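Each remark here refers to the structure printed beneath this line.
The values are calculated or read from the model by the stated rules, or taken from the named source; none is laboratory data. Here the structure is a predicted model, which means the values were calculated and not measured. Positions of Cβ are backbone-derived with ideal geometry, glycine not excepted, and every protein chain shown enters the neighbour counts.
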Amino acid sequence: MKPKYTSLRGVRDILPDELKNWRRIEDRAREIFRRYNYREIETPIIEPAEMFIRTVGEETDIVRKEMYIFKDRGERLVALRPEGTAPVVRAFLENNLYVPGRVAKFYYIGDMFRYDRPQAGRQREFHQIGVEALGESSYVLDVEVIMLLLEFFEELGLVDAVLLLNSVGCPRCRLEYSKSLREFFSPYVDELCEDCNARLENNPLRILDCKVERCKKVIAKVPSILDYLCDDCRIHFENVRSVLDSLGIRYVLDTRLVRGLDYYTKTTFEVTVPGLGLSIGGGGRYDGLIKDLGGPDLPGIGFAIGMERLVNLLRDRGLLVEEEEVPDYFIIYDATLVTKAIILSKLLRNRGFIVEMSYMAKNLKSQLKEADRSKAKKSVIMREELLANNRVILKDMITGEQEEIELDKLEVSLIGERV
Ligand SMILES: [Zn+2]
Ligand SMILES: [Zn+2]
């Protein structure tokens with residue numbers, strides 16, 4: 001039967017078996033974040049569009065072609081959030097969560113929206129787990145945030161996760177770098193795509209994350225941003241690297257890792273696994289973002305993990321729990337015992353068991369079939385003549401064995417019980 005409506009392109013249902021794994025991953029994230037003293041925050045899915053245009057950047061793919069943007073009924077320009085950092089910073093400022101001298105640490109779990117071409121691991125509605133640490137400029141925080149991200153993947157069993165590391169400098173050193181990028185790219189204008197030609201004028205750094213094949217060829221030869229870092233940015237990055245080295249945390253320097261958003265400064269990073277060709281998480285510093293959103297001149301750093309890709313990867317690796325949860329008991333009963341059957345199911349549920357029951361007074365045989373279909377481990381069969389003596393039949397649905405037992409054996413008593 002063809003349904004009358006189907007979901008929109010690029011969005012999808014997350015079905016119970018899969019969702020159970022999602023929740024398990026999220027629980028793991030919550031537990032690890034808690035140990036690092038991050039607190040959960042939830043921001044609205046809709047925000048002023050202007051906020052993202054300004055912070056993510058006008059020349060980014062996100063703002064140019066991927067953001068869901070519309071006028072609401074009050075003629076306000078609204079966007080479905082394409083990323084989680086700007087909203088958290090907005091909430092931090094709007095709710096006066098800044099305490100001088102204290103790092104504000106938040107994490108979020110939620111869906112984001114980008115009007116991208118749907119493909120494996122890339123949906124228009126996608127889910128992210130992210131952290132943001134606001135108010136501290138020390139490289140020690142960079143290291144901690146990177147450790148946190150790696151620890152999360154490690155605890156999920158991704159022991160071969162690879163850290164890619166770069167620094168994108170600050171606006172000061174980026175000015176120099178942009179100048180040299182313009183020089184570098186100017187002989188190649190005919191080879192660059194139309195978007196990149198516009199970027200060459202306005203924001204040449206963005207050329208580095210162009211996905212067009214012929215642009216990628218040119219990009220492979222660009223000068224390294226690391227050669228253009230100012231003293232402050234260079235020392236910061238050296239410190240990050242030296243502590244990672246001392247800790248034995250391996251990383252690959254990727255000098256073209258600029259991330260697809262304009263607000264990043266200094267340290268940027270991504271995590272992938274060999275052979276995947278996609279990042280499963282990444283982030284970086286954004287030392288100008290809080291000020292950009294009208295707040296004090298405070299630094300910040302964070303990362304986001306892409307749930308869809310992560311779940312796909314864990315599934316490919318056999319790291320998801322595929323086992324279906326089935327009822328512990330299925331209650332079968334004579335038609336006259338319906339109230340008692342309901343009470344018994346409630347008592348067993350109160351004790352923490354998963355209980356299913358037949359809902360129609362069918363004969364014993366068809367109820368047993370129902371019990372089979374439910375995949376219950378055991379059936380409790382309530383017959384009038386037995387229950388008069390406080391007894392039921394307990395049937396093991398796997399072995400087929402059955403025995404007559406006292407109700408007490410289930411550690412419940414129907415005597416004097418009311419729903
Ligand atoms: Zn700098
Ligand atoms: Zn291009």
Item to complete: Those residues that are within 28 Å of Ser137 (Cα to Cα), in contact (Cβ under 8 Å) with a residue 24 or more places away in the chain and touching a helix residue (DSSP H, G or I) at 6+ places or on another chain (Cβ under 6 Å), I need them from region 61-103; list them, please.
Response: Ile62, Arg81, Pro82, Ala86, Val89
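Just need a number here: residues in region 235-263 that are free of Cβ contacts under 8 Å to residues at least 12 places away in the same chain and either polar (S, T, N, Q) or in contact with a Leu (Cβ under 8 Å, 6 or more places away or on another chain) (or both).
Here the count works out to 2.
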Fill in: Residue match in region 333-353 (condition: part of a strand (DSSP E or B), touching a residue at least 40 places away in the same chain (Cβ under 8 Å) and either among the charged types (D, E, K, R) or assigned by TED's automatic domain parsing to the domain that holds Asn390 (or both))
yes
Practice prompt. Check every one of the strands (runs of 3 or more DSSP E) wholly within region 1-88 and list those with 3 or more residues that are of a type in the set (A, V, I, L, M, F, W, C).
Written response: 77-80
Response to the item:
Screening Asn197, Asn202 for residues that are surrounded by 13 or more Cβ atoms within 10 Å (Cβ to Cβ) and polar (S, T, N, Q) leaves only Asn197
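Given the condition modelled with pLDDT of 90 or more and either within 16 Å of ligand 2 (Cβ to nearest atom) or in contact with an Asp or Glu (Cβ under 6 Å, 6 or more places away or on another chain) (or both), answer yes or no: does some residue in region 141-152 qualify?
We begin by selecting, within region 141-152, every residue modelled with pLDDT of 90 or more; these are 141-152.
Applying the additional criterion that residues be either within 16 Å of ligand 2 (Cβ to nearest atom) or in contact with an Asp or Glu (Cβ under 6 Å, 6 or more places away or on another chain) (or both) yields none.
Within region 141-152 (the criterion being modelled with pLDDT of 90 or more and either within 16 Å of ligand 2 (Cβ to nearest atom) or in contact with an Asp or Glu (Cβ under 6 Å, 6 or more places away or on another chain) (or both)), the answer is no, since none of the residues qualifies.
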Practice prompt. Restricting attention to region 192-207, report how many residues are in contact (Cβ under 8 Å) with a residue 40 or more places away in the chain and away from ligand 1 (no atom under 16 Å from the Cβ).
Written response: 6
Discussion item. What's the total number of residues in region 109-136 that are part of a strand (DSSP E or B), in contact with an Asp or Glu (Cβ under 9 Å, 6 or more places away or on another chain) and buried (at least 17 other Cβ atoms within 10 Å of the Cβ)?
Written reply: 11
Fill in: Single match in Leu164, Leu156, Leu181 (criterion: at pLDDT 95 or above and either in contact with a helix residue (DSSP H, G or I) (Cβ under 9 Å, 6 or more places away or on another chain) or among the polar types (S, T, N, Q) (or both))
Leu156
Practice prompt. For region 214-231, indicate whether the set of residues that are within 28 Å of Gly84 (Cα to Cα), assigned to a loop (DSSP other than H, G, I, E, B) and either among the aromatic types (Phe, Trp, Tyr) or under 28 Å from the mean Cα position of the chain (by Cα) (or both) is non-empty.
Written response: no
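Listed here are the residues, each with its yes/no results for (1) modelled with pLDDT under 90; (2) within 15 Å of ligand 1 (Cβ to nearest atom).
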site	(1), (2)
Asp209	yes, no
Leu229	no, yes
Asn239	no, yes
Val243	no, no
Leu257	no, no
Thr268	no, yes
Discussion item. For region 137-176, give me each residue that is surrounded by 14 or more Cβ atoms within 10 Å (Cβ to Cβ), hydrophobic (A, V, I, L, M, F, W, C) and part of a loop (DSSP other than H, G, I, E, B).
Written reply: Leu156, Leu158, Ala161, Val168, Cys170
Fill in: Top-ranked residue in region 201-213 [being part of a loop (DSSP other than H, G, I, E, B) and within 12 Å of ligand 2 (Cβ to nearest atom); ranked as nearest to Gly284 (Cα to Cα)]
Cys210
Worksheet item: Glu191 fails exactly one of the following numbered conditions: (1) at pLDDT 90 or above; (2) within 16 Å of ligand 2 (Cβ to nearest atom); (3) assigned to a helix (DSSP H, G or I). What is the number of that condition?
Response: (3)
Item to complete: Only residues that are in contact with a strand residue (DSSP E or B) (Cβ under 6 Å, 6 or more places away or on another chain) and under 11 Å from Tyr329 (Cβ atoms): list them for region 354-380, please.
Response: Val355, Glu356, Met357, Ala371, Ser374, Ala376, Lys378, Ser379, Val380
Practice prompt. Looking only at region 237-293, count how many residues are assigned to a loop (DSSP other than H, G, I, E, B) and under 23 Å from the mean Cα position of the chain (by Cα).
Written response: 17
Response to the item:
Checked Glu154, Glu125 against criteria (within 29 Å of Asp245 (Cβ to Cβ) and in the same structural domain as Gly306 (by TED's automatic domain parsing)); the one match is Glu154
Item to complete: Look through region 220-256, keep the residues that are within 16 Å of ligand 2 (Cβ to nearest atom) and out of contact with any Asp or Glu (no Cβ under 9 Å at 6 or more places or on another chain), and return whichever of them is nearest to Thr267 (Cα to Cα).
Response: Val222
Item to complete: Could you figure out which of (1) modelled with pLDDT under 95; (2) under 29 Å from the mean Cα position of the chain (by Cα) isn't true of Glu176?
Response: (2)
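Check whether at least one residue in region 313-335 is surrounded by fewer than 12 Cβ atoms within 10 Å (Cβ to Cβ) and more than 30 Å from Val159 (Cα to Cα), and report yes or no.
Yes, region 313-335 contains a residue that is surrounded by fewer than 12 Cβ atoms within 10 Å (Cβ to Cβ) and more than 30 Å from Val159 (Cα to Cα).
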